[in-house]
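Okay, structure first, notes after.
Laboratory data are not the source of any read-out in this text; all were calculated from the coordinates shown. All figures in this text were calculated on a predicted structure; none of them were measured in a lab. Using ideal geometry, Cβ is built from the backbone for each residue, glycine included, and neighbour counts are taken over all protein chains shown.
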Amino acid sequence: PTKAQSEAASKPISADLFGIFFEDLNYAADGGLYAELVQNRSFEYAPSDHDGWHPLTSWDYLHEGFAMGSVSVESAAPLHATNPHYVQLRIENPFQKGLGLRNHGFDGIPLTAGATYDFSLWARVKSGAAMPLLVQLQDAQGKVLAEATLSAQAAGWQQYRATLTPTATAAAGSLVVLATGKGILDLDMVSLFPQRTFRGRTNGLRADLAQAIADLKPRFMRFPGGCLAHGDGLDNLYDWKKTIGPVEQRTAQRNIWGYHQTTGLGYFEYFQFCEDIGAKPIPIVAAGVSCQNSGGSWKIGGIGQQCVPLADMAAYTQDVLDLIEYANGPATSTWGAKRAAAGHPAPFGLQYIGIGNEDKQTPEFRERFKLLYEAVRAKYPAVTVIGTVGPSPKGEDYDQGWAFASQLHVPVVDEHYYENPKWFLANQQRYDAYDRSKSKVYLGEYASWGNELYNALAEAVYMTTLERNGDVVQLASYAPLLAKEGHIQWKPDLIYFNNATVVPSVNYYVQQLFGQNQGSTYHAGVVRLPTGAPADTAAAASCVRDAQTGDVILKLINLGPQPKPFAVDLTRFKGLKTAATQTTFTGPRNAQNTFDSPRTVLPKVASYKATKRFTYTAAPFSLTVLRVRGT
Ligand code: AHR
């Protein structure tokens, strides 16, 4: 091809194409990414979170031997009005062992020999001058692995801290807090964190899980949902303002997925995590309406869509504008000052905000969306608003959503689809014909129904079409991201985990290979596909170039059971080296990574010599990434 032909065959790709979608679903946050090891640390669990839950869920009352006293949950003069419950221990006779509480964590507290743990609690001594406390980490048999003593003073609510280093490892240990004197003691915010959190942040994230996410090299992170963002009623719209500031002053929220959010992982932590992993933050706020599906049997609540009254929309809109100020305002601004007080005086550089999630195109939604959209545009024209076009392109809200977005000139809309691999293969042309003058696309949630290699490869095929259309598809994220063993509410997911292990699915490695090998331009006609294969054993390929390194990146996918030849012609690229890296990801069609076999299929890296023209034979059921060095 001539230079002009080659240039005509190249297209810019969005700088933010592949990212991640985080939702607190499947115990993704508390008991998951958030490193807190104590469950129900603030005694705020309630039956409205989950049937049968109460303020002492996950706690045992310990009164061994002849110890005499009682435990109760109180709410008079709490540590903070937003954190209303606490525990009161009345110790008449501590006897030899004392009287107190044991916490079982989330499926037990995992303890590692020699690691350091930060313990803290808030206490108030109600009678007597002081109360001695014994804090222990125990294994499942009750053997003490670490212990510290503290003395709570009669000076109102005070925070006390200790560090604990277990002498042995325990997969499912517990935390014990015993009052060993006589008197009345109030306790709240009983907390235990591993000292080793991701990037050493206090109130931080579980290091191994956070690292697995960081390794995806996401260009953006969407949070906090999903359905969680708009909740299943007005009392359940995710309220970002209740998730910032000192953790003991945050307001716990009921999780639409049937459990509890401490909000310890709140908006500050989300922004900080995004910064730590080099991902642009994309908060999604409710469009002033709750989830329209919440009347369905698969969600708790059963009340259907609710709307913020129009009279309250000014205040709600202000909350959204305040969120942008919290992220981007100077440290001298009202909300920027709160960010600075949390330890981050510099702005977080928010570029996107999503308004709404899969909402039904009701007049109520449209009226509220328009108010929010126009207010954000007027005050923050540099922030890109992402609108929503319903839960599926097959749904009735999809066309109406697009028409509404076009009418308002919404810059980006959020499309979602969960389909089988066949659908992904049959829809490879989906974005080729998109009208480039309309809104750009954020493919905010997608997955093929399964965690087998074939699913992952079908997703890979589809991702090459997103690269090819990286001028109109601005952002894309697989969903959901995390799922804790024993608490899975939605499947498939990208990363499975329990307290000990992180198991990236095979789909994860496809996301990772695309995430780590993103390009800035797409080049058509570089790879000639093997011909003659039926659609479900198809082959696909993409060629992108990364402007920063000059590297040319080829992604070759073989969905069939036989090896297939891909003819590559790199002659159009000047100054390219022959040195290349070849990463292959291949295995049996139905291979999966599981807790029993977490490493069934892993990418394998080797060096490769790329000539100007060559034929690469791709293994059956494989994704190969060839990265040819530009410098
Ligand atoms: O990803 C799981 C759920 O799927 C999200 O919460 C919602 O947006 C979609 O229906």
From the square roots a ≥ b ≥ c of the eigenvalues of the alpha-carbon gyration tensor of segment 226-388, which class results: rounded (a/c under 1.5), prolate (a/b over b/c), or oblate?
-> oblate
Per residue and in cubic angstrom, what volume does the convex hull of the Cα atoms of segment 369-441 have?
-> 98 Å³
Take the Cβ-Cβ distance between W423 and A113 as r, set R0 to 35 Å, and report the resulting FRET efficiency rounded to the nearest 0.05.
-> 0.10
Dividing the Cα radius of gyration by the Kirkwood radius, what Rg/Rh value follows for segment 59-194?
-> 0.96
What list do you get for F348, F95 if you sort them by fewest beta carbons within 10 Å?
-> F95, F348
Sequence neighbours fewer than 8 away in the same chain don't count; with that in mind, list the lysines whose C-alpha is under 25 Å from K438.
-> K11, K280, K360, K370, K379, K394
note: the chain, Cα-Cα separations exceeding 39 Å make up a percent value of 36 percent
Could you give the nm distance between label points at F95 and Q516, where each point is 7 Å from its Cα heading toward the beta carbon?
-> 5.8 nm
Are there trypsin sites (Lys or Arg not before Pro) in segment 423-482 that DSSP marks as loop and that have at most 11 other Cβ atoms within 10 Å, and which are they?
-> R436
Using only the Cα atoms of segment 175-246, build the gyration tensor, take square roots of its eigenvalues as a ≥ b ≥ c, and label the shape rounded, prolate or oblate: rounded if a/c is under 1.5, else prolate if a/b is larger than b/c, else oblate.
-> oblate
Using the per-residue mean of other Cβ atoms lying within 10 Å as a proxy for protection, in what order, highest first, do the peptides 498-509, 592-603, 43-54 fall?
-> 498-509, 43-54, 592-603
Just need the Rg to Rh number for segment 76-126, please, alpha carbons only, Kirkwood Rh.
-> 1.03
Net charge over other residues, Cβ less than 12 angstrom from the Cβ of Y417 (K, R count +1; D, E count -1) = -4
What length, rounded to one decimal in nm, is gained on full extension from T611 through to Q195, with 0.36 nm per residue of separation minus their alpha-carbon distance?
-> 144.8 nm
With a sphere of radius 13 Å drawn around the Cβ of V502, what net charge do the other residues whose Cβ falls strictly inside it have (Lys, Arg +1; Asp, Glu -1)?
-> -1
Restricting the count to DSSP beta bridges whose residues both fall in the chain, what percent are antiparallel, rounded to a multiple of 5?
-> 75 percent
Stretch gain in nm, segment A15-D208, where the contour uses 0.36 nm per residue and the Cα spacing is subtracted = 66.8 nm
14 Å cut-off, amide nitrogen to a point 7 angstrom out along Q548 Cα→Cβ, residues in segment 466-497 = none
For the peptides 137-149, 225-237, what is the packing order when you average, over each peptide's residues, the other Cβ atoms within 10 Å and list the highest mean first?
-> 225-237, 137-149
What ranking, highest mean first, results for peptides 323-333, 548-558 when packing means the other Cβ atoms within 10 Å averaged over each residue?
-> 548-558, 323-333
Place +1 on the Cβ of every Lys and Arg and -1 on the Cβ of every Asp and Glu in the chain, take the dipole about the Cα centre, and give the residue among S151, A378, P94 whose Cα lies farthest towards its positive end.
-> A378
In debye, nearest 20, what is the charge dipole magnitude of the chain about its Cα centre with +1 on Lys and Arg Cβ and -1 on Asp and Glu Cβ, if you could check?
-> 2380 debye
Once fully extended, how much extra length lies between T631 and R589, figured as 0.36 nm per residue of separation less the alpha-carbon to alpha-carbon distance?
-> 11.5 nm
